1. Counting only residues that are of a type in the set (A, V, I, L, M) and in contact with a Lys or Arg (Cβ under 7 Å, 6 or more places away or on another chain), which one in the stretch 270-301 is farthest from residue 41 (Cα to Cα)?
2. So, residue 293, is that one touching a residue at least 60 places away in the same chain (Cβ under 8 Å) and within 23 Å of residue 397 (Cβ to Cβ) or not?
3. For the stretch 31-80, list the strands (runs of 3 or more DSSP E) that sit wholly inside it and hold at least 2 residues that are under 24 Å from the mean Cα position of the chain (by Cα), at pLDDT 95 or above and hydrophobic (A, V, I, L, M, F, W, C); which are they?
4. Would you please list the contacts, defined by Cβ atoms under 7 Å and residues six or more apart or on different chains, that run from a residue in the stretch 75-100 that is free of Cβ contacts under 8 Å to residues at least 12 places away in the same chain to a residue that is surrounded by 13 or more Cβ atoms within 10 Å (Cβ to Cβ) and part of a strand (DSSP E or B)?
5. More than 19 Å from residue 136 (Cβ to Cβ) and either in contact with a helix residue (DSSP H, G or I) (Cβ under 7 Å, 6 or more places away or on another chain) or not charged (D, E, K, R) (or both): does that describe residue 157?
6. Would you check if there is a residue in the stretch 499-511 being at pLDDT below 95 and surrounded by fewer than 20 Cβ atoms within 10 Å (Cβ to Cβ)?
7. Could you tell me how many of the residues in the stretch 516-530 are among the polar types (S, T, N, Q) and touching a residue at least 40 places away in the same chain (Cβ under 8 Å)?
8. Inspect all residues belonging to the stretch 83-100 and state whether any of them is part of a loop (DSSP other than H, G, I, E, B) and in contact with a Pro (Cβ under 9 Å, 6 or more places away or on another chain).
Amino acid sequence: MKNSLIIFVILSVLGSLPGSQSNDWRSRQNGFPIYQNGYIDQPYVVVLNNGTWLCVFTTGTRSEGSEGQHIVCSTSKDQGKRWSKPGNIEDPSQESASWGMPYLTTYGRVYVFYDYNGDKIHNLRNEKDIREDMLGWYCYKYSDDNGNSWSERYKLPVRKTNVDYSNDWNGKVQILWGIGKPINVDNGMMFGFSKIGRYLIDETEGWFFRCDNINFEKDPNKLIWQMLPDGEFPVKNPDFGSVQEEHNLFQMNNRDLYCMYRTILGNPACSYSRDGGHTWEVPTIPLYYTGMKIKNPRACPRIWKCKNGKYLFWFHNHGGWNFENRNPAWLSGGIEKNGEIIWSQPEILLYEQDIVTRMSYPDLIEQDRKYWITETNKEMALCHSIDSSFLNNLWNQFYIDTISQKGLIIDLKTSDLVNNEINLQKLNSRNVIDGFTIDFKILLTDLSSDQVIMDSRDSKGKGFLIETADFGAIKLTLSNGNKTSNWTSDQGLIKTFKEHEVTIIVDNRSGIIMFMIDGILNDGKDYRQFGWGRFDNTINYIGEGELRLNPLVDGKMRSKSKVAFLRIYNRSLTTTEAVGNYRALTMKKII
């Protein structure tokens, strides 16, 4: 080990374990049940003119894709706390009806758009139990009495394109589905859907339906439908592979259209239309304002426009390629600048202690300046009240430049750091149940691993250790003497002879460790799937004796920096708060 470590301290949050989820609104277990069944998916809500919520979802007594899958609706008169017994929109007959998406017109009619196996396909190549919930027709029904009764079934004019003629039925049967609730576009309505070129869901691409007279024409036979984009060219980037699906969209403040969809690249994709959906720009990978690519597996990437003209993006913040690891759900905030959408760095929105639980296909409800999210694990759909201050904080990330004072229990300046030992008596489990964050400035003259930065471990190994790791990374280790957890920052971010701010956020309630280097949340870069890591949050001891700062450096802090300090908080900071702490010192502009 080398004694070449020079520390410029900015520590900014320290805490404890384990945290309770009972009073954490982010815990999935605190959601209000909408419905539970063998299968339940896409719980999408419209707020009726009388204030009642109408939720439309797909359900069945067996697993996804089984016989009897159908669409139903349920209502809530208390903003999602209690729900009525579901009523059928389509009966659980032999023909599947799936992926219902509701739309409320300006005059109070509710339309629901969905897949229906109108071609009555029940086997393929003599296979049994074929999934026919994506086969056939795009249909709709409507209700003029708040979902109590529904009209006859109408069929949308899905134009056949190249992808249909190359599918398993050579275009005689179409394969398609949609996940994005219809949105208001100008004076009309629009929604996205995916066509499939090979059963079950391969060779996928994006299309849209637009109807400009749906808000005043009450005769369904006179509705004017446009399938967009024009011609044979879907929303798809040829360089992004065969899987490009689950397109959903919003209309921007400048009236352009923006859509997001999933791939198997480890990233979502996005595209803009400047002419109402008739043509679309070649899709690209969306970016944070930092310039980093957003990561997401093959999971629903939902976007919404809020009434304040700002945007939200639900995703899973890792670079997987399959359907797994949909826990936790993360949220980014978006704003519009120069005709583009700029996305904030993400925060954890919802988590589940059972890490194999998946949550997806969410919807956003906004009423009385309050926000809710619905989601499903495919067996139970839940409704969650979202703290509005959480969203305001997320949108504020573009501007924040102040140091957080909430939960600040130790605040040491340069003159206080003459000695390299700090008493941790204040950091007991009563004060730090939420977790902790450690935020410090460091300068390395070489990148050798195993250089101790700070250490609170006692003679039994109980406490935490921060040290250098391979290839310019920083490592945190937590131990209670019997169990140990650790996580490492992304490699290559720490450079020699350069000051860096390192922020380690230990979120005990979700059981997740996050690293931020120079105000940027680690995402794993190109060499690992996850930038964040899980830890055993039953480790309930971080040390109550002395925190030793860089014991390899002759007993005192040495600094070239004009600002050197140590801050310890009794809670985990949000990503946005950590950005604010960083910007307060650097005064670097975000936008």
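The values are calculated or read from the model by the stated rules, or taken from the named source; none is laboratory data. Keep in mind that this is a model prediction, so the values were computed, not measured. Every residue, glycine as well, gets a Cβ built from its backbone with ideal geometry; the counts of neighbours run over all protein chains shown. These area figures cover heavy atoms from the full protein model, side chains too; ligands, DNA and RNA do not enter into them. Shrake-Rupley method; radii C 1.70, N 1.55, O 1.52, S 1.80 Å.
1. Narrowing the stretch 270-301 to residues of a type in the set (A, V, I, L, M): 282, 285, 287, 292, 294, 299.
Add one more test, that the residue is in contact with a Lys or Arg (Cβ under 7 Å, 6 or more places away or on another chain), and what stays is 285, 287, 299.
On the way: 285: 27, 287: 29, 299: 13 Å.
Per the criteria, the residue is 287.
2. no
3. On the way: elements: 32-36, 39-47, 53-60, 70-76.
Fully inside the stretch 31-80 and qualifying: 32-36, 39-47, 53-60.
4. As it stands, the answer is 84/74; 84/75, since those pairs meet every condition given.
5. Values: more than 19 Å from residue 136 (Cβ to Cβ): no; either in contact with a helix residue (DSSP H, G or I) (Cβ under 7 Å, 6 or more places away or on another chain) or not charged (D, E, K, R) (or both): yes.
Against the criterion (more than 19 Å from residue 136 (Cβ to Cβ) and either in contact with a helix residue (DSSP H, G or I) (Cβ under 7 Å, 6 or more places away or on another chain) or not charged (D, E, K, R) (or both)), residue 157 does not qualify.
6. Within the stretch 499-511 (the criterion being at pLDDT below 95 and surrounded by fewer than 20 Cβ atoms within 10 Å (Cβ to Cβ)), the answer is yes, since at least one residue qualifies.
7. Going residue by residue through the stretch 516-530, those that are among the polar types (S, T, N, Q) are 522, 529.
Checking the rest, the ones that are also touching a residue at least 40 places away in the same chain (Cβ under 8 Å) come to 529.
Within the stretch 516-530, residues that are among the polar types (S, T, N, Q) and touching a residue at least 40 places away in the same chain (Cβ under 8 Å) number 1.
8. Taking the stretch 83-100 as the starting set, the residues that turn out to be part of a loop (DSSP other than H, G, I, E, B) are 83-86, 89-96.
Pick out the ones that are also in contact with a Pro (Cβ under 9 Å, 6 or more places away or on another chain) and you get 83.
The answer is yes, given that some residue of the stretch 83-100 is part of a loop (DSSP other than H, G, I, E, B) and in contact with a Pro (Cβ under 9 Å, 6 or more places away or on another chain).
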